[in-house]
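Below is one structure, written out as structure tokens; the observations come after it.
Nothing in this text is a laboratory measurement; each read-out follows from the coordinates by a stated rule. These figures come from a predicted structure and were not determined experimentally. Methodologically, a virtual Cβ is constructed for each residue, glycine included, from the backbone with ideal geometry; neighbour enumeration extends over all protein chains shown.
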Amino acid sequence: MKKGLLVTVFTVLIMSLTACVQEEEEAPQFLDVKLSITPEHAEKGETVLFESKVTYGEENVTDADEVAFEIWRSNDENHEKIEVEHKENGVYSLEKTFDVDGTYYVYAHVTARSMHNMPKKEFVVGTASDKEEGSSSSMMDEEEDHSGH
């Protein structure tokens, strides 16, 4: 009888510990930011649309602490940082026109859920200018991921 009770207690204890371990093994959620630029090659005076789709796991983030686009022309020390509000479905956007030809860069600074993510993209207005040192020629097709910064 004691042996049966001991086996039952041991079984319940093992099942409880297994349940705790399974809860702890759930995949951590991350702040994901998909930055898009439309068009990626604009003409002077044409409106350029910058959008950041912000998610945390499967959830659209509609209440980020900060979303701002930092935009500058290649090799220019003057960077413009523009804060934006949530539009819909986790999308934060900005429309802007440019009067000077050149290669430009944009960071989407996003802070939400105690995390910061800042993807970077390159785009061109009119005729491209020299790229900044260290920038890749295929950056228009790739996002630099600076999560955790």
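Across region 51-105, what is the number of residues that are within 16 Å of ASP32 (Cβ to Cβ) and of a type in the set (A, V, I, L, M, F, W, C)?
Total meeting the criteria: 5.
Could you grab me the full set of residues in region 33-70 that are within 16 Å of the chain's Cα centre (by Cα) and under 11 Å from PHE123 (Cα atoms)?
Across region 33-70, the qualifying residues are SER36, ILE37, PHE50.
Any residue in region 48-63 that is free of Cβ contacts under 8 Å to residues at least 60 places away in the same chain and surrounded by fewer than 17 Cβ atoms within 10 Å (Cβ to Cβ) sitting within a Cβ distance under 7 Å of a residue that is of a type in the set (D, E, K, R) and part of a strand (DSSP E or B)? List the pairs, counting only those 6 or more apart or interchain.
Matching pairs, first to second residue: LEU49/GLU95.
Any idea how many residues of region 71-127 are of a type outside the set (S, T, N, Q), closer than 16 Å to GLU40 by Cα and not in a loop (DSSP other than H, G, I, E, B)?
Counting residues in region 71-127 that are of a type outside the set (S, T, N, Q), closer than 16 Å to GLU40 by Cα and not in a loop (DSSP other than H, G, I, E, B) gives 18.
Which of (1) in contact with a helix residue (DSSP H, G or I) (Cβ under 7 Å, 6 or more places away or on another chain); (2) exposed (fewer than 13 other Cβ atoms within 10 Å of the Cβ) does GLU40 not meet, given it meets every other one?
Among (1) in contact with a helix residue (DSSP H, G or I) (Cβ under 7 Å, 6 or more places away or on another chain); (2) exposed (fewer than 13 other Cβ atoms within 10 Å of the Cβ), GLU40 violates only (2).
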